Every structure is written in structure tokens, then in C-alpha cells.
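This report concerns only the one structure given below.
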Amino acid sequence: QVQLVESGGGLVQAGGSLRLSCAASGLTFNTYAMGWFRQAPGKEREFVAGISRTGENTYVIESVKGRFTVSRDNAKNTVYLIMNNLKPEDTAVYYCGAREWLYGARDPSTYDYWGQGTQVTVSS
């Protein structure tokens, strides 16, 4: 069956960096666009970044632009979220998801598969 497994979360001080990974199995990885979302306690799941099937096209939300980068390695069936200059407001559970196309990636209801999430906590 399809599995998306996130890793790389943890506790980091403000200004620090983390690299999240999402390893996919059970699907033809290069036929899916991938998205990263986050969800803080009491808040809705928020789109953070997306990447097209080939990795040629990427998109990040304004609040993380210049700090977060999304990339993928189709040979390893893995998508990454590189997070620099982390802020306390970045604290959340981060999820990866798979959908057919990058267009429309901000809508979580359109995703076919989800990972279980990884906690990111940024202390001030």
C-alpha cells in the first residue's frame, strides 16, 4: 500500500535549521506532485510548499519565502523541506501529501495520500 513517511522534525532554537524528509513507497513517485503542510494546535492545516512531478516547478507561501526550500529526488522517492532561520511561529506538525498535479496544491482536500506528520518545535 502507499506510504508517506516524514522524518527530520525536532526541537530547535529560533534561527536554527531543519531538513524534513518524506519518503514515499507503494506509488509511482514521479507521477505525483508533492505538498508540505503544517498544522499548529487549534489551527487548520496550512499549505507551506509544493513541488511538481519533475521538481521543475516549486511554490512556497509568502511567510516562509527566503527561508524554506522544497526539493525532491525522484531516484530516492523522497521530497524534502529545508527550513532555515526558523521562527517560533513555525512550530507545528508538518505533513507531506501527494496529489496528481501541482496546480491547486494549496487545497488539502485534493490530496490522495498523506504522511503521519513530524513535529517541529522552535523555541524562542
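The values are calculated or read from the model by the stated rules, or taken from the named source; none is laboratory data. Everything numeric in this text was worked out from a predicted model, so none of it was measured. Neighbour counts are summed over all protein chains in view; Cβ atoms, including those assigned to glycine, are modelled from backbone coordinates with ideal geometry. Note: accessible area is taken over every heavy atom of the protein model, side chains too, but ligands, DNA and RNA are not part of it. Shrake-Rupley method; radii C 1.70, N 1.55, O 1.52, S 1.80 Å.
Descriptive notes on the structure:
- Set of lysines with alpha-carbon distance to residue 65 below 17 Å, sequence-local pairs under 8 removed: 87
- Relative contact order for the chain: 35 percent, from Cα pairs under 8 Å spaced at least 6 residues apart, divided by residue count.
- When the convex hull of its Cα atoms is projected in every direction, mean area for the chain (nm²): 6.9 nm²
- Accessible surface of segment 23-114, 1.4 Å probe, proportion on carbon and sulfur as whole %: 47 percent
- Summing Cβ point charges (Lys, Arg +1; Asp, Glu -1) relative to the Cα centre of the chain gives a dipole of roughly 180 debye.
- Per residue, the chain exposes 52 Å² of accessible surface when a 1.4 Å probe is rolled over the protein heavy atoms with every protein chain present.
- A Förster distance of 41 Å, applied to the separation of the beta-carbon atoms of residue 54 and residue 123, puts the FRET efficiency at 0.65.
- Solvent-accessible surface of protein heavy atoms, probed at 1.4 angstrom with all chains present, puts 73, 112 in the order 112, 73, largest first.
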